[in-house]
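Structure, as structure tokens:
The values are calculated or read from the model by the stated rules, or taken from the named source; none is laboratory data. Here the structure is a predicted model, which is why all the values come from computation and not from measurement. Virtual Cβ from ideal backbone geometry, glycine too; neighbours counted across all protein chains shown.
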Amino acid sequence: MSDKIRYIREVCVAMIDVPYLYVNLTALCCYIFIFVTFLAAKKNPDIKYFIVVMGGFILWTGGSILMRLRVFPGITFWFLVSIMSLFALAFLIFLFISSFARLKGFFLKAVLAGLTFLLEILTALGLILDAPSMLVREDGGIVFVYDIGWPILFPCLFFLFYIITMVFVFRHIIKEKGMSTPGLVYIIMGCCAVLLGNMLQLIPGNVFPWDTLSGIIFAFLLMWALYKKRMFQMRLLISRSVVLMIGALLCILAAAYFIQPLSVFLDVHYNLSGSAITTIVAVLFSMVITAVFVMLKKLIDALFTREEQQNRLLKRFSTEVSQSLNTGEVMRKLIGIIKEEVPVGCVYVCLPEDNVFMASYSSEQLVKKRFSISADNPCVKYLRANGQYLLLSDFRKDPLYLSIWKSEKELFQRLSLSCIFALKDGDNIVGLILLSDKEKGVNFSYTELNFLETVSSIASIAVKNAGLYEQMYRE
């Protein structure tokens, strides 16, 4: 037992001696928080690659921290974990950017994977860089000194090749989709931050972990890029459990930093007995906990009430349309639930008719608008291949938008359309939901798009069932 206590004491002393260790610890906590949070997100290729990138950051930073603390099995082991994770991160980030921008390039990925694997093997064999030696400074602080030789040119050329590749990738994305591609500017900013942080790290005599700090900035910019692309909702980061955890941490910090000073203050200035001091501190601390609980309860109610309301609406809508075998009734309920939850100007539903999608239902009952969208419209092709909805503000940056007929572009402008949802039966589109601009011109949120996706899925099944019944009735 004494050996374990001595070992823990040495680790604690090491935490004090290592300069700026709090930066690394803060980075590690941020990475773990983001990693665990996104494990609960709705998975798609972008989210999966982002989770893998965060795993690489955790290994890189965690290995660096454990190396500096001289934790078992030793400096060399944790150095290899950290440096090999850093080399792998370049390839993982490239995979994330390729997925984000929908780039193919299998040959380029294979080449980069081969180069990364070769560098990892050379690093594991100790041919690139040896583990650092520990040096105690005059003020008692501990720094790690690397013996850098000519083999370091290999990772330098490796990263230079990645930088050139990234520049060409970003150039291709900007040329094809424009600089206003959702989230692109934040990825570019994140890559520049990492590059700048690692350049500052090379300044002679520098001991501040600029590379780790830039990693924090990079991770949050990548996360913001995913949010701008509407891959997840920000409320995912502040779930009920996270809010309660923050409240618990606030109470622990209050206990750690205020109870003892408050007890000393009461003893010195008022000369109270031990029992009186304990009672006063307990009452005040109870008041603090109560105040924190009330504030957190209000915060939770504000954050999650809308989700509960949406769940009630979806349950009611699903029950009502499942009991109806009339297409018109299903469409009216569909328009009703959209207008009730999403503040859009107008809702149109177009159903297939003679190789076009004809406007059959509208939320504007007094204004009859008859128009059609051809079945081979680029918007329909995009929906058939890429998902359940498209935002016209994003679709205008896609090359497919250029092939839309001028008359249909004018139709979209006249109707002030901003979003199109597809009613799908497998790979077939059995209807289109056209949504005009939202009130006050604000963008659709992730929560609203997720709600509309669910509504569209429910309506698709109801339309299919109603259509089969009506066909059997006619026969």
Inset, instruction - Read through the list (1) over 20 Å from residue 328 (Cα atoms); (2) touching a residue at least 24 places away in the same chain (Cβ under 8 Å), then give the number of the only condition that residue 463 fails. - result: (1)
Inset, instruction - Those residues that are surrounded by 15 or more Cβ atoms within 10 Å (Cβ to Cβ) and either touching a helix residue (DSSP H, G or I) at 6+ places or on another chain (Cβ under 9 Å) or charged (D, E, K, R) (or both), I need them from region 375-395; list them, please. - result: 377, 378, 379, 382, 388, 389, 390, 391, 392, 394, 395
Legend entry - Leading residue by the ranking (surrounded by the fewest Cβ atoms within 10 Å (Cβ to Cβ)) among those in region 335-352 that are in a helix (DSSP H, G or I) and more than 30 Å from the chain's Cα centre (by Cα): 336
Inset, instruction - Would you be able to say whether some residue in region 105-113 is closer than 17 Å to residue 45 by Cβ and assigned to a loop (DSSP other than H, G, I, E, B)? - result: yes
Inset, instruction - Quick one: residue 413 ticks every box in (1) polar (S, T, N, Q); (2) surrounded by fewer than 14 Cβ atoms within 10 Å (Cβ to Cβ); (3) over 22 Å from residue 338 (Cα atoms) except a single one, so which number is it? - result: (3)
Legend entry - Verdict on residue 290 being surrounded by 12 or more Cβ atoms within 10 Å (Cβ to Cβ), over 26 Å from residue 342 (Cα atoms) and at pLDDT 70 or above: no
Inset, instruction - Inspect region 360-372 for any residue being under 30 Å from residue 173 (Cβ atoms) and touching a strand residue (DSSP E or B) at 6+ places or on another chain (Cβ under 6 Å) and give the result as yes or no. - result: no
Legend entry - Cβ-Cβ under 6 Å pairs, at least 6 apart or on other chains, region 179-204 side basic (Lys, Arg) and crowded, with 19+ Cβ neighbours inside 10 Å, far side part of a helix (DSSP H, G or I) and at pLDDT below 80: none
Legend entry - Single residue of region 21-52 satisfying the filter (surrounded by 17 or more Cβ atoms within 10 Å (Cβ to Cβ) and without any contact (Cβ under 8 Å) to a residue 40 or more places away in the chain) that is farthest from the chain's Cα centre (by Cα): 28
Legend entry - Enumerated strands (runs of 3 or more DSSP E) restricted to region 353-435, each holding at least 2 residues that are free of Cβ contacts under 8 Å to residues at least 24 places away in the same chain and in the same structural domain as residue 467 (by TED's automatic domain parsing): 356-362
Inset, instruction - Specify which of the listed residues (303, 325) is more than 30 Å from residue 468 (Cα to Cα) and at pLDDT below 85. - result: 303
Inset, instruction - All but one of (1) in a helix (DSSP H, G or I); (2) at pLDDT below 85 hold for residue 119, so report the exception by its number. - result: (2)
